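What follows is a short report on a single structure.
The values are calculated or read from the model by the stated rules, or taken from the named source; none is laboratory data. As the structure is a prediction and not an experimental result, all values here were calculated from the model. Here the Cβ positions follow ideal geometry from the backbone for every residue, glycine too, while neighbour counts run over all protein chains shown. SASA here: full protein model, heavy atoms, side chains in, ligands and nucleic acids out. Shrake-Rupley method; radii C 1.70, N 1.55, O 1.52, S 1.80 Å.
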Amino acid sequence: MDETLLYPLLVGWILDLVLGDPERLPHLVVAFGRVIAFFEHRLNKGAHRRLWGGVMAAGLLMASFFIVYLVDRWLMDVSVAAAIILRTVLVFYCLAGTTLVREVRQVFLAVDRSLEDGRRQVARIVGRDTSTLSAQEVRTAALETLAENLSDGVIAPLFWLAVGGVPAMVAYKMANTLDSMVGYRTQRYREFGCVAAKTDDVLNFIPARLTALLMVIVAGKWKLCSFVWHYGRCHASPNSGYPEAALAGILDCRFGGPHIYFGELIDKPYIGSNDRLLTSQDMRKAIRVNRLAELLMVGLLTVLYIL
């Protein structure tokens with residue numbers, strides 16, 4: 001049994017489950033965001049934007065991996081206990097399941113109070129323009145984000161933890177943060193964020209499909225595999241469509257459609273065909289599926305580390 005990975009996995013996951021993102025403490029992703037913004041403002045201009053965007057993405061990915069790797073190796077030589085503590089903290093920071101679940105609950109509560117409250121609340125967790133969304137679109141946006149976040153914020157970090165340890169997990173988190181900040185197909189980021197977006201696509205290829213499979217398993221609906229395969233491929237993203245399709249199939253609803261990002265209309269295909277009204281009951285069911293899929297993934301890794 002590898003205690004140096006098992007204990008950080010379990011304790012870090014439990015901390016995220018109980019605490020979520022620590023608002024009053026420094027956060028790794030916030031630091032990543034500031035570094036990315038620093039370089040983006042200086043490099044995303046003039047000619048050769050794709051080149052400079054690629055240099056930034058590659059440099060930040062390698063730096064995040066090797067800094068964690070070297071510090072981790074040094075601590076393992078100095079104090080195994082200190083290394084385990086560092087790994088635990090990094091696992092905690094790299095997981096983002098609980099905060100999103102709380103935010104999605106707040107979106108449904110807010111939109112039940114008023115449409116404007118719902119629009120303001122959902123704007124905290126989506127990148128699209130929320131000022132003209134209907135109540136149905138607010139709820140849909142929240143559930144789409146919940147499905148995507150299960151992959152990006154939980155399953156994918158755990159997958160890369162299993163593949164390459166904590167350094168790989170942190171490097172993935174940097175890639176995902178890069179994509180969330182500059183990986184848009186808008187005029188400002190289309191060239192500069194191209195490499196970041198493609199890198200995130202590659203790193204999420206297996207985790208996104210694994211996420212959809214875990215969701216289908218915990219929902220006990222194996223017949224949805226063909227549904228997920230069909231609609232997952234229809235999405236504009238090579239990965240996001242799979243967890244979204246799994247949740248749309250489980251809830252028997254429709255996701256997707258055109259949305260406004262940074263003032264530009266981005267057309268997204270529909271996922272599913274039942275354009276029914278979403279309710280708080282759907283939100284609770286979606287959260288339950290997310291939590292069970294998360295638990296199953298942690299259980300699989302626990303068995304892996306024990307063996």
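Listed values, structure above:
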{"item": "Options LYS221, LYS198; residue that is of a type in the set (Lys, Arg) and over 29 Å from GLY59 (Cα atoms)", "result": "LYS221"}
{"item": "Restricting region 50-60 to residues that are in contact (Cβ under 8 Å) with a residue 60 or more places away in the chain and open to solvent by 30 Å² or more (accessible area, probe 1.4 Å), the residue that is farthest from ARG188 (Cα to Cα)", "result": "ALA58"}
{"item": "Qualifying residues in region 20-49 (those that are in contact with a helix residue (DSSP H, G or I) (Cβ under 7 Å, 6 or more places away or on another chain) and closer than 15 Å to LEU95 by Cβ) - the one least open to solvent (accessible area, probe 1.4 Å)", "result": "GLY20"}
{"item": "Sole residue being open to solvent by 30 Å² or more (accessible area, probe 1.4 Å), among the aliphatic types (A, V, I, L, M) and either closer than 19 Å to ALA162 by Cβ or in contact with a Gly (Cβ under 6 Å, 6 or more places away or on another chain) (or both), chosen from LEU203, LEU214", "result": "LEU203"}
{"item": "Spans of helices (runs of 4 or more DSSP H) in region 20-137 with at least 2 residues closer than 15 Å to VAL170 by Cβ, among the aromatic types (Phe, Trp, Tyr) and in contact with a Leu (Cβ under 9 Å, 6 or more places away or on another chain)", "result": "80-94"}
{"item": "Within region 63-95, considering residues that are without any contact (Cβ under 8 Å) to a residue 12 or more places away in the chain and open to solvent by 80 Å² or more (accessible area, probe 1.4 Å), the one nearest to LEU15 (Cα to Cα)", "result": "ILE85"}
{"item": "Test for VAL166: is it open to solvent by 50 Å² or more (accessible area, probe 1.4 Å), touching a helix residue (DSSP H, G or I) at 6+ places or on another chain (Cβ under 9 Å) and closer than 18 Å to TYR7 by Cβ", "result": "no"}
{"item": "Residue count for region 231-261, restricted to those that are free of Cβ contacts under 8 Å to residues at least 12 places away in the same chain and in a helix (DSSP H, G or I)", "result": "1"}
{"item": "Meets criteria (assigned to a helix (DSSP H, G or I) and either open to solvent by 20 Å² or more (accessible area, probe 1.4 Å) or at pLDDT below 90 (or both)) for VAL228", "result": "no"}
